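Bear in mind these aren't lab numbers, they're just calculated from the coordinates by the rules spelled out. The model shown is predicted, which means the values in this text are computed figures rather than measured ones. Here the Cβ positions follow ideal geometry from the backbone for every residue, glycine too, while neighbour counts run over all protein chains shown.
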Amino acid sequence: WTAEDMDRFAWEAVRQDQAHVADGMWLAACTGMRRADLVSVRRAQVYEYAIIKKALKKSRGKRRTATMPRIPELDSLLEELEGRPRAEGVETVLVNSFGQPWSGDGYGGSFNRIRDKAGIAHVDEETGEERRKHLHDLRGTFCTKLILAGLTDQEAADVMGWSPERVGRIRRVYVDQSRVVVAIGERIATGTVNRIVNRSDGDTEN
């Protein structure tokens, strides 16, 4: 998901008086957690430097421990979520409009309705074909945040439970290209781009 996608989703959620749905979207982008873990993670599982919980989804027949590092963006979000009204005894980080924990299907359905109203989709530049962006696509968004924070492909892969090759593809497509464009923009803004200036005698200079 792009920053524009997330802002548009959040705006639509507020417009629909469902800001609590946007809470889950931001948490997914800052942790990379799957839906089942997203709605069940408890405040006691949020430690100083990481979120540590037993993943609800089995991998190769076993439940692994999901450990997600706390990025600075997550710190401010957790502060905000701490202030959400919640029913007595509710310890999940996310709560619904009743102050109760979300069910996986309940959150998934609410998320999809906001996404569809906001028109969040990937458009193929060559064919113009649209594909809806899903909650699990925010795992890729979190991966880009890890890369931008300076993690190597192997380190990011260890966090995500992916192969280094998959992380490498994300780096090439979503991070390195963006950095190149930003760098070009900075050079243009500061007047340090090499320019070809046409002279009256036909010569050029850089």
**Message:** Under 5 Å between amide hydrogens, which residues at least 5 positions from Ala55 or on another chain qualify, with H placed 1.01 Å from N in the peptide plane?
**Reply:** Arg64, Thr65, Ala66
**Fill in**
Among trypsin sites (Lys or Arg not before Pro) in the stretch 34-120, those in a DSSP loop whose Cβ has at most 14 other Cβ atoms within 10 Å are Arg60
**Fill in**
Non-local residues with an amide H under 5 Å from the amide H of Gln16, with H modelled 1.01 Å from N and Pro and chain starts lacking one, are none
**Request:** Once you have the Cα-Cα distance between Tyr47 and Glu91, take 0.36 nm times their residue separation minus that, and quote the gain in nm to one decimal.
**Result:** 14.4 nm
**Request:** Could you run the Karplus curve 6.51 cos²θ - 1.76 cosθ + 1.60 with θ = phi - 60° over the stretch 167-175 and give me ³J(HN,Hα) per residue in whole Hz, x for Gly and Pro?
**Result:** 5, x, 5, 5, 4, 5, 7, 10, 10
**Asked** If amide H atoms are built 1.01 Å from N in the plane of the peptide, which residues on other chains or at least 5 residues away come under 5 Å of the amide H of Ala50?
**Response** Arg70
**Item:** Size of charge dipole - the stretch 1-152 - debye, nearest 20, with Cβ of Lys, Arg +1 and Asp, Glu -1, no other charges
**Value:** 1060 debye
**Fill in**
Note, the stretch 125-135: 3J(HN,Hα) by Karplus (6.51, -1.76, 1.60, θ = phi - 60°), whole Hz, Gly/Pro = x, goes 5, 8, 9, x, 6, 9, 10, 4, 7, 10, 4
**Fill in**
Residue-ordered couplings for the stretch 44-51, obtained by feeding phi - 60° into the Karplus form 6.51 cos²θ - 1.76 cosθ + 1.60 and rounding to whole Hz (Gly and Pro as x), are 5, 8, 9, 9, 4, 10, 7, 9
